[in-house]
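Below you'll find the structure, written out as structure tokens, and then a few comments.
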Amino acid sequence: MPSANSPARVRRSTKMERGPANIKTDGRRCWPDTFVPAFYIGLPKWAAGLLLFVLMLAGSSLSVAAQSPQPASPDSSMATNSATLPLSLKRAVEIALAPDGNVRLRLAEELIQQAKARSGQARAALLPNVESSLSQQNQVRNLAALGLRIRLPIIGFKLPDLVGPFNTFDARATATQSLFDAGSIRRFQASRLNVEGAYAESDNAGDQVAAQVAKIYVTAVRAAAAMETAQANVALSEALVKLARDQKEAGSGTGIEVTRAKAQLANEKQRLLVAENERTRAGLELLRAIDLKLDVQLELLDKLAYIAVDPLSLEQAVATAVAARADLKAQKKREQSAEMIYRATRLERWPALYGFADYGSIGPSIHHAVPTRTYGFAVRVPVFDGGRREARGAELHSVLRQERLKTADLEKQVQLEIRLALDSLRSADAQVKVAEEGLALSEAELAQARRRYEAGIAISLEIVDAQTRLARARDNRIAALFNYHRAHIDLAQAMGTIRLMLQ
């Protein structure tokens, strides 16, 4: 037999190390049929077996670890928790009024920039206009074409009709300045009024956004309160169903009483589904109003509550509105601007005084140029422009009358809004008091009907009627509180103090 170190034995060992092409799979790794790692050669059998067992055990542990589900990361947990946003009414208005908040405010800011740009254009007519020029020309002139025929009494001598070619170099700066132009001055003043009006319009947009967000927030709070009331009604109906079953099992009730209680429970569950849908819709509308992502879950911190306030007289409310309403200020600025532009058109008939000057060097070349200058002033007097000025004046006078009508109409609208808001506030205040009284009576009625039914001296119909009246009383209270808060918002908006109220 060949020895252990013979070439045949070595070739066989090498072939075993390479392994055949066919592979067996055990689910975790692929092993060749005759796979023997190279470092096993020369080891005792018990050591090689122990090492192989350790490697297989480590591979199994890694496979199980790879297949096991990974726990949620702290960041993802925080992201889930941060999706719920605690939101108060004041905070909601602050978010909406932020520079990157409601789109209406950004549009109003763009209107301010446009008004400033137009004012800069109007001011340009009152500032110096400076220009510079640099020219190099090569010319040939026909004197005969210009009517220049010079005849000298010299026999045989005649001036040529063509002159040139010759070079002309000219480097010059010119300036003009309006010294007095009444029309341009009035137009610039009107543009400044337009800028002030744009700022007032921006304030008005802020008031409208604040009022809109406040109304939507109160609507969302009402929807949340209605959902809580519906949940309470469902819980009460479930308790009454259990009571009817207990009475039937005790022999003092009937099957129709259980059926009646279940029917009432189904009705309350239906109302709960509607209330949940209204709560979701109100939350989405609030997110849209404050320009947040629609997948944010809101936690409304403010609740519907009755807070008594001192009544405000009509005269005080109107005086406050005249001084604080931003839309009224903006309309008055538009009226003043229209009047100023109309006056500017009339002042165009006045003479306008302008100054002018130029300075530069002129010559046949840049090296032979000499400095020259001109300065002076000019008076322009309009005489006749085909009636354009009169027609434009008539148009602007009509615009002025239109703005005056708008101002008067807006003042009447302000008084109407204040009167309606004050009346709604008085009515809502009385509604809250009546609703509180009705809720207390309905709760007492249900408690009495329940005791009578448990004592066996009344049927379940009394409980169902009392339960229905209690649900209506709860809805009346929510509606009264909603109307009360809504009336406060309407009054503050009518007076122009909505943002002051929400601070």
When you look at Thr259, is it touching a helix residue (DSSP H, G or I) at 6+ places or on another chain (Cβ under 7 Å), closer than 30 Å to Ala458 by Cβ and either surrounded by fewer than 17 Cβ atoms within 10 Å (Cβ to Cβ) or of a type in the set (Val, Ile, Thr) (or both), yes or no?
-> no
Odd one out for Asp295 among (1) surrounded by fewer than 17 Cβ atoms within 10 Å (Cβ to Cβ); (2) over 25 Å from Asn102 (Cβ atoms); (3) at pLDDT below 90 | (2)
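How many residues, within the stretch 410-447, are in contact (Cβ under 8 Å) with a residue 12 or more places away in the chain and either surrounded by 15 or more Cβ atoms within 10 Å (Cβ to Cβ) or closer than 22 Å to Ile463 by Cβ (or both)?
Residues of the stretch 410-447 that are in contact (Cβ under 8 Å) with a residue 12 or more places away in the chain, as a first pass: 410-411, 414-415, 417-422, 424-429, 431-432, 434-436, 438-439, 441-443, 445-446.
Subset that is either surrounded by 15 or more Cβ atoms within 10 Å (Cβ to Cβ) or closer than 22 Å to Ile463 by Cβ (or both): 410-411, 414-415, 417-418, 421-422, 424-425, 428-429, 431-432, 435-436, 438-439, 441-443, 445-446.
Residues in the stretch 410-447 being in contact (Cβ under 8 Å) with a residue 12 or more places away in the chain and either surrounded by 15 or more Cβ atoms within 10 Å (Cβ to Cβ) or closer than 22 Å to Ile463 by Cβ (or both): 23 in total.
Would the stretch 213-224 turn up any residue that is in contact with a helix residue (DSSP H, G or I) (Cβ under 9 Å, 6 or more places away or on another chain), within 30 Å of Lys116 (Cα to Cα) and at pLDDT 90 or above?
yes
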Can you name the number of the only condition in (1) in contact (Cβ under 8 Å) with a residue 40 or more places away in the chain; (2) buried (at least 20 other Cβ atoms within 10 Å of the Cβ) that Thr497 fails?
-> (2)
Sole miss for Asn233 among (1) in contact (Cβ under 8 Å) with a residue 24 or more places away in the chain; (2) surrounded by fewer than 24 Cβ atoms within 10 Å (Cβ to Cβ) is condition (2)
Being under 25 Å from the mean Cα position of the chain (by Cα), of a type outside the set (A, V, I, L, M, F, W, C) and either outside the structural domain of Ile112 (by TED's automatic domain parsing) or within 26 Å of Thr219 (Cβ to Cβ) (or both) is the filter here, so list the residues in the stretch 304-340 that pass it.
-> Arg325, Asp327
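Select from the stretch 438-476 the residues that are of a type in the set (Val, Ile, Thr) and part of a loop (DSSP other than H, G, I, E, B) and write down the one among them that is nearest to Lys269 (Cα to Cα). Lay out the reasoning, then the answer.
We begin by selecting, within the stretch 438-476, every residue of a type in the set (Val, Ile, Thr); these are 457, 459, 463-464, 468.
Now drop any that are not part of a loop (DSSP other than H, G, I, E, B), which leaves 457, 459.
Numbers: Ile457: 29, Ile459: 23 Å.
Among those that are of a type in the set (Val, Ile, Thr) and part of a loop (DSSP other than H, G, I, E, B), it is Ile459.
The values are calculated or read from the model by the stated rules, or taken from the named source; none is laboratory data. On a predicted model such as this, the values are computed, not experimentally measured, just so you know. Glycine gets a Cβ as well: all are built from the backbone with ideal geometry, and neighbour counts include every protein chain shown.
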